[in-house]
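Okay, structure first, notes after.
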Amino acid sequence: MPMTASPDRAERLAPREAGACIRAARSVLVTSHVRPDGDSIGSMVALTLGLRQAGIEAVAWAATPVPRRYSFLDPAITQPPRAADQLFDLCVILDTATLSRVDLDQGLVRACGGILAVDHHPDLGEFPRACIDTTAGATAILVHDILGAMGVTITRPMADALYAGVLTDTGSFTYSNTDHRAFALALAMVDAGTDPALVARMVYDTMTRPQILLLADMLSTLEFLGGGRAALMHISDAMFARTGSTEADIEDFVNHARAIEGVRVAALLSESGGTQVRISLRAKTPDVAVNTLAARYGGGGHPCAAGATVAGRLADVLPSFRTTLESFATTLRN
Ligand SMILES: [Mn+2]
């Protein structure tokens, strides 16, 4: 099977068809993207548990350990074994439309009998067979639809996982992707036994002291560009070291800049091991289309949330990015 195909030649499945595709497999490898988030983790956990209920041998493998804030979810996700001699009929890739972002050795993915992507990011045509719906606020919504089509009963651990997915990907039901389907999933998960206050407490009220210290350091770098329409912050390797924090600690940190009155676009540059810089972008409204800005750096994402990774040290990347962001912000209408 070719690893790439043009979108018009690719097979695009509705959730019901995706469910039938999964049903045809006896063994399934479930995985997702690097820099795992609530939606990728929740979707992996719920799908894996659901497939096991349906009598399918399912494992969830991710190279990155599950971040602490999501460790209360069912521990279905494990790190891939060093030497994997297990063969799977199907690999289901969740919450990414980009092969290079998959959080697994590509050899493991290629060794599977087939690949099915389930995602809500713009379709890049990289996956020959996929269930993609960019109008879904979270991949968790699509996973729920697929499990429903397969006749799976949503248990409490699945409900917690899917609820965590839609909660985090909609910014606690505040982003522009918060719609009927997002609330419908939330309601269904509450009916299935999830405790929204408990999930929120585990996800949001468990910041560590190193995280808070890093947050303070990051906020001290805040600068405004383009007449206040853009806000830029950065985190250096030295800041991570000084506070004892890691890259896994900064999920959603960029939103502090997005929340400022008048800011249309927010950016956070974080240094990674002195060799790479991660660019995280957020917009208040979809018309800003920060995914177009991310694309200039080889990245991608949604109109309101996107990112890219570039090679180099922070000191090398920051000045030119500042200039780019300034001109990007200047083109935005107030
Ligand atoms: Mn997502």
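The values are calculated or read from the model by the stated rules, or taken from the named source; none is laboratory data. Predicted, not measured: the structure shown is a model, and the values here were computed from it. Ideal geometry is used to build each Cβ from the backbone, glycine not excepted, and the neighbour counts take in all protein chains shown.
Some values worked out for this structure:
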read-out: Matching option when the condition is assigned to a strand (DSSP E or B), within 18 Å of the chain's Cα centre (by Cα) and among the small types (Gly, Ala, Ser), among ALA97, ALA117; value: ALA117
read-out: Count of residues meeting criterion [in contact with a strand residue (DSSP E or B) (Cβ under 6 Å, 6 or more places away or on another chain) and in a helix (DSSP H, G or I)] in segment 256-292; value: 5
read-out: Which numbered condition HIS302 fails, given (1) at pLDDT 95 or above; (2) out of contact with any strand residue (DSSP E or B) (no Cβ under 7 Å at 6 or more places or on another chain); value: (1)
read-out: Matching residues, segment 97-127, being of a type in the set (Val, Ile, Thr) and within 16 Å of the ligand (Cβ to nearest atom); value: THR98, VAL102, VAL118
read-out: Flag for ARG229 being out of contact with any Phe, Trp or Tyr (no Cβ under 8 Å at 6 or more places or on another chain) and within 22 Å of LEU293 (Cα to Cα); value: yes
read-out: Of all residues in segment 135-156 being surrounded by fewer than 18 Cβ atoms within 10 Å (Cβ to Cβ) and more than 15 Å from the ligand (Cβ to nearest atom), the one that is farthest from VAL254 (Cα to Cα); value: GLY151
read-out: Residue identified as out of contact with any Cys (no Cβ under 7 Å at 6 or more places or on another chain) and under 18 Å from GLU57 (Cβ atoms) among GLY107, GLY113, GLY125; value: GLY113
read-out: Flag for ARG68 being in contact (Cβ under 8 Å) with a residue 40 or more places away in the chain, within 21 Å of PRO196 (Cβ to Cβ) and out of contact with any Cys (no Cβ under 7 Å at 6 or more places or on another chain); value: yes
read-out: Failed criterion for LEU49 (all others in (1) closer than 27 Å to GLY301 by Cβ; (2) under 20 Å from the mean Cα position of the chain (by Cα) hold); value: (1)
read-out: Residue list for segment 224-246, restricted to those being surrounded by fewer than 21 Cβ atoms within 10 Å (Cβ to Cβ), free of Cβ contacts under 8 Å to residues at least 60 places away in the same chain and not hydrophobic (A, V, I, L, M, F, W, C); value: GLY228, ARG242, GLY244, THR246
read-out: Identity of the residue in segment 66-92, among the β-branched types (Val, Ile, Thr) and not in a loop (DSSP other than H, G, I, E, B), that ends up farthest from the ligand (Cβ to nearest atom); value: THR78
read-out: Residue, modelled with the highest pLDDT, within segment 44-65, restricted to residues that are over 21 Å from LEU142 (Cα atoms) and more than 16 Å from the ligand (Cβ to nearest atom); value: ALA63
read-out: Which numbered condition MET189 fails, given (1) surrounded by 24 or more Cβ atoms within 10 Å (Cβ to Cβ); (2) within 18 Å of ILE93 (Cβ to Cβ); (3) at pLDDT 95 or above; value: (2)
read-out: Which numbered condition ASP103 misses (of (1) without any contact (Cβ under 8 Å) to a residue 40 or more places away in the chain; (2) at negative phi); value: (1)
read-out: Residue satisfying all of: in segment 48-70; small (Gly, Ala, Ser) and touching a Pro at 6+ places or on another chain (Cβ under 9 Å); surrounded by the fewest Cβ atoms within 10 Å (Cβ to Cβ) among these; value: ALA63
read-out: In segment 13-43, the residues that are more than 15 Å from the ligand (Cβ to nearest atom), crowded, with 24+ Cβ neighbours inside 10 Å and either in a helix (DSSP H, G or I) or under 12 Å from the mean Cα position of the chain (by Cα) (or both); value: ALA18, ILE22
